[in-house]
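The values are calculated or read from the model by the stated rules, or taken from the named source; none is laboratory data. From a predicted model like this one, the values you see are computed outputs, not experimental measurements. Every residue, glycine as well, gets a Cβ built from its backbone with ideal geometry; the counts of neighbours run over all protein chains shown. Side chains included, ligands, DNA and RNA excluded: accessible areas come from the protein's heavy atoms. Shrake-Rupley method; radii C 1.70, N 1.55, O 1.52, S 1.80 Å.
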Amino acid sequence: MAFNPPIECPICRDVLELDRTLENHLAGAHTHDEVARYLASLHDRVKMEPVSD
């Protein structure tokens, strides 16, 4: 059986219990605005570069 390391929430940095999913944690512990702000900040940090032919 493979070992799955614990998952850390990228918003609040809580380490999730092994039986919880990140999706369930985000939906239950954070507002839609918090999740949207986090995702928008990720988008702003990623540098978009054109794909070469």
Original post:
Do any residues in the stretch 26-47 that are of a type in the set (D, E, K, R) have Cβ atoms under 9 Å from those of residues that are surrounded by 10 or more Cβ atoms within 10 Å (Cβ to Cβ) and part of a loop (DSSP other than H, G, I, E, B), where the two are at least six apart or on different chains, and which pairs are they?
Top reply: GLU34/ILE11; GLU34/CYS12; ARG37/ILE11
Original post:
From the residues in the stretch 9-53 that are of a type in the set (S, T, N, Q) and open to solvent by 60 Å² or more (accessible area, probe 1.4 Å), which one is modelled with the lowest pLDDT?
Top reply: SER52
